[in-house]
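Here's the structure, in structure tokens; my notes come after.
The values are calculated or read from the model by the stated rules, or taken from the named source; none is laboratory data. The structure displayed is predicted, hence computed values, not measured ones. A quick note on method: Cβ atoms are made from the backbone with ideal geometry, for glycine too, and the neighbour counts reach across all protein chains shown. These area figures cover heavy atoms from the full protein model, side chains too; ligands, DNA and RNA do not enter into them. Shrake-Rupley method; radii C 1.70, N 1.55, O 1.52, S 1.80 Å.
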Amino acid sequence: MTVIDFTAFIGRLATASGETILPFFRTSLSIDNKSASDFDPVTEADRAAEAVMRRLIKANFPQHGIVGEEFGNEREDADYVWVLDPIDGTKSFIAGFPIWGTLIALLHKGTPVFGMMHQPYIGERFSGDSGSAQYSGPSGERRLTVRRCASLKEATSFTTSPLLMNAADREIFGRVENAVKLSRYGGDCYSYCMLAAGHLDLVVETELKPYDIAALIPIVTGAGGIVTNWEGKPAQSGGRIVAAGDARVHEATLKLLNS
């Protein structure tokens, strides 16, 4: 298989998942809570979209592994593994806001080699292979490129919500928030895509799962950015994440987070 073949297939996965999700969006749908101690919603749309993608993967690449948010892991020790998050941003989804997306990643021997974020309601796709990143949507197609930012005092920073952080991490994150020019909340997967598109400079998160971040790494790095954990190590396993468009902002953020 070539990268071009994989790219076309990921497009098929995105189309199929989008066609499955959209009939549920902004409707009265049932919501289950996956957490006993917090609110971690899952909907019929999440489950149906992941099921559709799994069926397509198994039919076309039966030897590949699959890691998914809703239906667990299969053959995760395979050379090629698909990592799926059918709706990243389910809380926005159930509230009717279009700040959510389907995340599809392809890992080769544990490393994300291709990723896509698909937002079917708006009709946007952000994709990358670590060497380059692309956008396609209502405004056409273009290459994604991060913007330069010399320091934290010039940076725009996003996190989904500091309330998702534990008390210790929230206090540490406050150092970054006090240092940047603008700090905003919300976004989920969209924050990383806007970073790749050059509209913001920094994303700081905690408690991410592999399916929350794997697809976004090739998009951000393909656009020229950096994604690591708070210790500066590879981020595909999730946890506490820092994504930056400029290496200077990334370095300064790590210093604050680890000081």
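Only Cα pairs within less than 10 Å get springs; with that Gaussian network setup on the chain, which residue of Thr206, Thr27, Thr111 has the largest fluctuation? So, out of Thr206, Thr27, Thr111, the one fluctuating most is Thr27.
For P(r) over Cα pairs in 10 Å bins from 0, in percent, the candidate list reads [x] 7, 33, 37, 20, 3, 0; [y] 6, 27, 33, 22, 10, 2, 0; [z] 6, 29, 36, 22, 6, 0; the entry that matches the value derived from this model is [x].
Return the single residue from Ile226, Ile217, Ile94 with maximal mean-square fluctuation; model: Gaussian network over the chain, springs between Cα atoms under 10 Å. Greatest mean-square fluctuation among the candidates belongs to Ile94. For the chain, the Cβ-based charge dipole about the Cα centre amounts to some 640 debye (Lys, Arg positive; Asp, Glu negative; other atoms uncharged). Label positions at Asn178 and Arg148, each projected 7 Å from the Cα along the C-beta direction, are separated by 3.1 nm. Once the Cα-Cα distance is subtracted from the 0.36 nm per residue extended length, the Gln63 to Ser161 segment shows a gain of 31.5 nm. Projected onto their three principal axes, the Cα atoms of the range 12-117 cover extents of 39, 32, 20 Å, largest first. Between the C-alpha center of the range 57-110 and that of the range 206-248 there is a gap of 17 Å. Computed over neighbours whose Cβ is under 11 Å from that of Pro162, the net charge equals -3, Lys and Arg +1, Asp and Glu -1. Cα convex hull, the range 152-258: 81 Å³ per residue, rounded to a whole number.
Among the protein heavy atoms of the chain, carbon and sulfur supply 52% of the accessible surface, probe 1.4 Å, non-protein parts ignored. With protein chains left intact and a 1.4 Å probe, residues in the range 215-254 average 31 Å² of accessible area per residue. Taking all protein chains into account, the per residue accessible area for the range 6-143 stands at 45 Å² (1.4 Å probe). With both residues required to sit in the range 68-121, DSSP beta bridges show an antiparallel share near 95%. Projecting label points 7 angstrom from Cα along Cα→Cβ for Arg55 and Lys209 puts them 2.2 nm apart.
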